[in-house]
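To keep things clear, I will list the structure first and then write my remarks on it.
The values are calculated or read from the model by the stated rules, or taken from the named source; none is laboratory data. Note that this is a predicted model, so its numbers are computed, not measured. Every residue, glycine among them, receives a Cβ derived from its backbone with ideal geometry; neighbour counts consider all protein chains shown. The area values use the complete protein model at the heavy-atom level, side chains included, leaving out ligands, DNA and RNA. Shrake-Rupley method; radii C 1.70, N 1.55, O 1.52, S 1.80 Å.
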Amino acid sequence: MTIGSVLLVEDEESLASLVEAYLAQEGFSVLAVGTGTQALATVEREPVRLVVLDLNLPDIDGLEVCRRIRARSAVPIVMLTARDEESDLLVGLDAGADDYIGKPFSPKELVARMKAVLRRAEPGETDDLLILGDVVIHRAGREVKVDGQVVELRPKEFDLLSYLLANRGAVFSREALLERVWGYDYAGGTRTVDVHVAQLRRKLARPDLIRTVRGAGYKAVNP
């Protein structure tokens, strides 16, 4: 499963720091804010993959923040709540939350809930969407964004990046990439793979996204 950016909305600084550190250890890139206003602005501005939302915020009630996010985005939302009444939890789910976890909780349980929500929201990762770090590929529209900004790629650059991200972590030789991205009939040599990788690193400004494995080939990793 791809690990991507998570928006953590929690005004209790000690808890926010604990959760942020654990999520980072698990490979998530965390954007942490302490108010509903900041949360709404971040969702509008950043390509967030999941929101962890505390219900008790100092400015806007977490339920209202959830409703506003859901009105403009399908991003998965996991609520943090000290409210244990069934009616309160149902209201949270009705507001658009995908799951909730009661306080106090263990960071390990939170991560398990988050991953379960992501699996439901992105079953095997959708055919159209590929995400690795802040790199997002919309395959149907043949569009690539890095940190929310569109990056123009040539057709084979797009195809190569899509193939590597769809198989992130797996190492492919130049010959294998030439066969699977360019096709059996391509008359060029394996040097063209190196050239396209170099172009992708330059255009994406993420040189560590495609890693060279000495003597083996290339693989896509979370930079």
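Kindly indicate the residue of the stretch 16-32 that is open to solvent by less than 30 Å² (accessible area, probe 1.4 Å) and part of a helix (DSSP H, G or I) and also modelled with the lowest pLDDT among those meeting that condition.
Among those that are open to solvent by less than 30 Å² (accessible area, probe 1.4 Å) and part of a helix (DSSP H, G or I), it is L23.
Quick check on this structure: which one of G169, G141 is more than 23 Å from A24 (Cβ to Cβ) and in a loop (DSSP other than H, G, I, E, B)?
On the way: G169 fails: more than 23 Å from A24 (Cβ to Cβ).
Exactly one of G169, G141 is more than 23 Å from A24 (Cβ to Cβ) and in a loop (DSSP other than H, G, I, E, B), namely G141.
Please specify each residue of the stretch 128-137 satisfying the condition of being over 19 Å from P207 (Cβ atoms) and either open to solvent by 60 Å² or more (accessible area, probe 1.4 Å) or not in a strand (DSSP E or B) (or both).
Answer for the stretch 128-137, where residues must be over 19 Å from P207 (Cβ atoms) and either open to solvent by 60 Å² or more (accessible area, probe 1.4 Å) or not in a strand (DSSP E or B) (or both): just D128.
Can you give me the number of residues within the stretch 92-115 that are touching a Ser or Thr at 6+ places or on another chain (Cβ under 8 Å) and either closer than 21 Å to R70 by Cα or not in a loop (DSSP other than H, G, I, E, B) (or both)?
Taking the stretch 92-115 as the starting set, the residues that turn out to be touching a Ser or Thr at 6+ places or on another chain (Cβ under 8 Å) are 92, 100-103.
Next cut, either closer than 21 Å to R70 by Cα or not in a loop (DSSP other than H, G, I, E, B) (or both) only: 92, 100-102.
Qualifying residue count for the region: 4.
Scan the stretch 33-43 for residues that are more than 15 Å from the chain's Cα centre (by Cα) and not in a loop (DSSP other than H, G, I, E, B) and report the count. Let's see the steps before the verdict.
Filtering the stretch 33-43 down to residues more than 15 Å from the chain's Cα centre (by Cα) leaves 33-41.
Subsequent filtering for residues that are not in a loop (DSSP other than H, G, I, E, B) retains 33, 36-41.
The total comes to 7.
For the stretch 138-173, which residues satisfy the criterion of being charged (D, E, K, R) and either on the phi > 0 side of the Ramachandran plot or open to solvent by less than 40 Å² (accessible area, probe 1.4 Å) (or both)? Break it down stepwise before answering.
If we filter the stretch 138-173 for residues that are charged (D, E, K, R), which is where we start, we get 139, 142-143, 145, 147, 152, 154, 156-157, 159, 168.
Result: R142, D147, E157.
Would you please name the residue that is farthest from V91 (Cα to Cα), looking only at residues in the stretch 60-81 that are open to solvent by 70 Å² or more (accessible area, probe 1.4 Å) and either modelled with pLDDT of 90 or more or part of a loop (DSSP other than H, G, I, E, B) (or both)?
Residues of the stretch 60-81 open to solvent by 70 Å² or more (accessible area, probe 1.4 Å): 67-68, 71-72, 74.
Applying the additional criterion that residues be either modelled with pLDDT of 90 or more or part of a loop (DSSP other than H, G, I, E, B) (or both) yields 67-68, 74.
Numbers: R67: 11, R68: 14, A74: 18 Å.
Residue satisfying both the conditions and the ranking: A74.
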